[in-house]
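Working notes, beginning with the structure itself.
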Amino acid sequence: MVTDVISSKELTKIDPVFGQNSFDNHEQIVFCNDKDTGLKAIIGIHNTVLGPALGGTRMWQYNNEWEALNDVLRLSRGMTFKSAITGLNLGGGKAVIIGDAKTQKTPELMKKFGEFVHSLSGRYITAEDVGMETADMDLVREVTPYVTGISESKGGAGNPSPITAYGVFMGMKAAAKYQFGSDVLEDKKVLVQGIGHVGESLVEHLTNEGAQVIISDINQERLENVSQKYGAKIYTGSDIYSEQIDVYAPCALGATINDDTVYKINAKVVAGAANNQLADEIKHGAILRERGIVYAPDFLINAGGIINVYAELENYDKKEIMRKTENIYNTTLEILDNAQTNGITTNEAALNIAKGRIETRKNENLK
Ligand code: NAD
């Protein structure tokens, strides 16, 4: 039954996929549907110049399909640049499953999703993201080899989140060194927004270093658990972005730096795990710069997870994972310097380097 009748004039205005702002020359977008399991998923393959597109699967209750499509496109594009700047031979891809991970995720649905991943013959390799656990990837592994982030007992590198958190911590320290002249976070007031898999682990690093950690989350139970475990203070105010802090660490969902928040942010450093923190990377990146706030680009400092899952493909060990992740500190300092020297935003500086690597490889491949 057709419920929405859109005139052809209106339709030409919409440009539903290729015309989306976040489309940015995606190579392939796959819409997956399965009536029996209720699976509705979108896989975005942004760029495969450096290698197969690797990126996690997010399960989220989107308000509508536009939101889901926009999210997957923004996320898969981000993966292209994350792997490129980290020096990995991987392209960028991502998947979203539309639904509530708490109530709608079943083993059958995960395996059906795995079959769709398999149908792409390795052009896209999945892993976990928000709403996913290592156990879900183990289920996907039953139907396809094109999955990473599986359990150590099943030959995988395990949950990537602690490594992601370590990389974010390294990136945050580098940004602190740049802004405050020292990378020691002791006594620095750090607000961690979102204390899920990555956020909690980041809180642990920060409290070990003696930072004054404030936590916020929409899940009250998690807040109380994490607060008790690490002695972190729960945020109780009414306008989190105006809170006077040293470091803002977005570790929930993306786009928290937007028109409504960018002038309020009362931190000197922004460094967190969430993907796509800047709603508009050009505009909001420039405003942060004008305001003297050091922004550690998300796709640069949250690469620990991809470094961890890449080990499953390249067979390198935990020591090498930690070495590569620790190096995020040096890369962040280089990018911050580069931005300062060239009078551009830190996001732009990181993007330029990532794009340069892809362009070089593209030209080599053409030879
Ligand atoms: P998660 O689902 O375990 O945690 C997210 C947390 O954010 C949850 O506790 C949730 O309740 C909370 N949250 C959601 N909306 C919120 C809001 N408006 N305010 C405060 N809290 C809110 O996810 P995760 O694996 O910890 O990932 C966190 C972020 O880091 C995501 O954006 C993800 O894409 C990104 N990331 C994760 C990894 C990884 O290895 N897991 C790697 C790179 C990037």
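The values are calculated or read from the model by the stated rules, or taken from the named source; none is laboratory data. This is a predicted model, so every value here is computed, not measured. Cβ: placed from backbone, ideal geometry, glycine included. Neighbour counts: every protein chain shown. In case anyone asks, the SASA skips ligands and DNA or RNA and just uses the protein heavy atoms, side chains included. Shrake-Rupley method; radii C 1.70, N 1.55, O 1.52, S 1.80 Å.
Given the conditions (1) hydrophobic (A, V, I, L, M, F, W, C); (2) assigned by TED's automatic domain parsing to the domain that holds Val147; (3) in a helix (DSSP H, G or I), which single one is not true for Met59? Single failed check for Met59: (3). The set of residues in region 216-233 being more than 22 Å from Ala267 (Cα to Cα) and open to solvent by 60 Å² or more (accessible area, probe 1.4 Å) consists of Gln220, Glu221, Arg222, Glu224, Asn225, Gln228, Lys229. Looking at region 61-82, is at least one residue under 27 Å from Glu320 (Cα atoms) and either free of Cβ contacts under 8 Å to residues at least 40 places away in the same chain or away from the ligand (no atom under 16 Å from the Cβ) (or both)? No, because not a single residue in region 61-82 is under 27 Å from Glu320 (Cα atoms) and either free of Cβ contacts under 8 Å to residues at least 40 places away in the same chain or away from the ligand (no atom under 16 Å from the Cβ) (or both). Taking each residue of region 108-135 that is closer than 13 Å to Arg58 by Cβ and looking for partners that are assigned to a helix (DSSP H, G or I) with beta-carbon atoms closer than 6 Å, six or more apart or interchain, yields Thr126/Val117; Ala127/Val309; Glu128/Met137.
Note on region 117-147: among residues that are within 13 Å of the ligand (Cβ to nearest atom) and assigned to a helix (DSSP H, G or I), the one that is least open to solvent (accessible area, probe 1.4 Å) is Met137. Pairs linking a residue in region 169-180 that is within 15 Å of Gly210 (Cβ to Cβ) and modelled with pLDDT of 95 or more to a residue that is not aliphatic (A, V, I, L, M) and not in a helix (DSSP H, G or I), with Cβ atoms under 6 Å and 6 or more positions apart or on different chains, are Lys173/Asp183; Ala176/Asp183. Out of Thr332, Thr325, one residue alone is within 29 Å of Asp259 (Cβ to Cβ) and either within 16 Å of the ligand (Cβ to nearest atom) or assigned by TED's automatic domain parsing to the domain that holds Tyr166 (or both). It is Thr332. Within the set Glu312, Glu364, the sole residue that is under 22 Å from Gly92 (Cα atoms), assigned to a helix (DSSP H, G or I) and free of Cβ contacts under 8 Å to residues at least 24 places away in the same chain turns out to be Glu364.
Any chance you could count how many residues in region 103-116 are in a loop (DSSP other than H, G, I, E, B) and either of a type in the set (A, V, I, L, M) or within 16 Å of the ligand (Cβ to nearest atom) (or both)? So the count comes out to 3.
A count restricted to region 169-195 and to residues that are more than 9 Å from the ligand (Cβ to nearest atom) and open to solvent by 10 Å² or more (accessible area, probe 1.4 Å) stands at 15. Across region 262-286, the qualifying residues are those that are within 12 Å of the ligand (Cβ to nearest atom) and more than 26 Å from Gly181 (Cβ to Cβ), and the one among them that is surrounded by the most Cβ atoms within 10 Å (Cβ to Cβ) is Asn275. You will find that of Val203, Val198, Val213, the residue that is open to solvent by less than 40 Å² (accessible area, probe 1.4 Å), part of a helix (DSSP H, G or I), within 11 Å of Val226 (Cβ to Cβ) and at pLDDT 95 or above is Val203 and no other. Summed over region 235-261, the residues that are surrounded by 15 or more Cβ atoms within 10 Å (Cβ to Cβ) and away from the ligand (no atom under 11 Å from the Cβ) give a count of 9.
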